[in-house]
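What follows is a short report on a single structure.
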Amino acid sequence: MWQTDRGAVAVVVAVAMTALLLVGAVVVDIGAALLSRHHAQAVADAAALAGARQLGGIYERTPNTIATQMLSAVEQTRVLRAAAQVADQNRINLATLTLAELRIGAWNPAAQRLAATNIGADALLVRASGQTSTFLAGLLGIRRLDIAATATAALTPLGEVLPGGLPAPVGIASGFVAQGPIDGKRVVFYQAGNMGPCTGWTTFTQGPSTVAGLRTVLSGLTAGSLSSPTATANRSQFQFVRGNLAAIFPQIKALYDAKKNPATGQWVAVVPIYERRACQAPSGSLRIAGFSTAVITLVSTPNGPVLEGVLRSGSVAIGRGGGPDYGTKGSVPGLVS
């Protein structure tokens with residue numbers, strides 16, 4: 001009887017040990033696989049951001065908009081190489097991790113999808129895959145577990161402008177920009193001694209926000225002794241001027257002449273969008289809602305000079321994304337999936 005009981009206990013112990021081994025395999029090896037999966041995701045994220053940053057750098061050096069820009073074979077190679085190099089630098093212990101897919105394309109935020117294209121491309125998708133070795137599961141014949149990670153980084157609407165990134169001390173009401181498509185929208189910055197009905201002139205963060213103070217800002221921007229401060233969408237506050245600008249038109253014209261393209265007479269500049277639902281002359285401190293790009297020209301009319309701009313969508317400016325869409329993207333990308 002004792003021998004029978006001992007045999008039964010041995011069977012129970014064997015079964016229990018097998019169960020414990022299985023549990024150990026699950027806990028240890030799945031935990032290790034999750035850690036490797038997290039590492040693989042970090043590699044994919046870093047590679048996608050590096051490749052998309054190369055895209056941003058390409059657009060920084062061209063006057064064309066994203067919609068009309070075709071990436072050359074050399075530019076595509078630079079984007080893919082940047083992603084691959086960063087993946088290699090961050091692979092560390094995942095020797096088997098490879099970039100299974102690198103896809104340049106245009107990101108559709110509404111559909112949360114990347115369309116593969118080299119015309120109007122603003123994003124890079126990276127898919128990494130590999131295997132990780134097991135520990136206890138190896139005793140059960142499971143030597144490796146598959147791991148995979150996917151990341152997409154894209155140039156998103158400009159959310160932050162670096163110092164000097166706003167060369168024109170003007171702003172546009174958010175309510176005006178919200179009225180219909182941005183691209184090709186005409187806006188008046190100066191006319192017959194005043195600003196347009198939906199625009200304002202700013203001394204940035206400097207006070208007093210007076211016409212005299214604006215004269216000083218204009219002169220400093222023209223001479224290069226003054227630059228705009230860092231501006232962040234939905235956070236920064238700028239001081240806006242109310243009053244007749246006829247007395248400082250010479251300074252306005254001097255700034256335009258210093259910044260324009262002599263061949264075309266155009267001045268392409270990033271301008272802030274201030275929070276104002278109605279088209280009213282702004283004054284005092286107003287929050288900056290975002291940023292747009294305007295092609296500014298000075299034209300003569302029977303009633304005097306007019307400084308006007310045409311808003312252009314699909315532009316890329318130096319700065320971080322993550323802001324509201326007023327037609328301009330930042331050259332520093334963010335992860336979108």
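Read-outs throughout are calculated quantities, based only on the coordinates presented, and are distinct from any laboratory measurement. Predicted, not measured: the structure shown is a model, and the values here were computed from it. Note that we place each Cβ from the backbone using ideal geometry, even for glycine, and neighbour counts take in every protein chain shown.
Under 10 °C and 1.306 mPa s, how fast does region 160-335 diffuse according to Stokes-Einstein, given a Kirkwood radius computed over C-alpha pairs? Answer in µm²/s, whole number. Don't jump to the answer; show the numbers that get you there.
Working: Rh = 15.9 Å.
The calculation lands on 100 µm²/s.
List the relative contact order of region 160-335 as a percent without decimals, with contacts defined as Cα pairs under 8 Å and 6+ residues apart.
The value is 30 percent.
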| request: Quick one: plug the Kirkwood hydrodynamic radius of region 70-127 (C-alpha pairs) into Stokes-Einstein at 20 °C, 1.002 mPa s, and report D in µm²/s. | output: 172 µm²/s
| field | For residue 83, net neighbour charge (Lys/Arg +1, Asp/Glu -1) across residues whose Cβ lies under 12 Å away | value | +2
| note | If 256, 274 are placed from fewest to most neighbouring beta carbons inside 10 Å, the sequence is 256, 274
| remark: The exposure ranking of 279, 198, fewest beta-carbon neighbours within 10 Å first, is 279, 198
| query | Hey, which aspartates and glutamates would be in cross-link range of residue 185, C-alpha to C-alpha under 17 Å, not counting anything within fewer than 8 residues on its own chain? | reply | 308, 325
| Once you wrap a convex hull around the alpha carbon atoms of region 211-306, what is its projected area averaged over all directions, in nm²? | 7.1 nm²
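Assuming R0 = 35 Å, can you tell me the calculated FRET efficiency for the pair residue 118 and residue 146, based on Cβ-Cβ distance, to the nearest 0.05?
Efficiency, rounded to the nearest 0.05: 0.65.
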| Residues 195, 70 arranged by fewest to most Cβ contacts within 10 Å | 70, 195
| said: Which aspartates and glutamates, if any, have their Cα less than 18 Å from the Cα of residue 329, not counting same-chain residues under 8 positions apart? | reply: 60, 122, 160, 183
| What residue among 206, 234, 261 has its Cα farthest toward the positive end of the dipole of region 185-270, where the charges are +1 on Lys, Arg and -1 on Asp, Glu, each on the Cβ? | 234
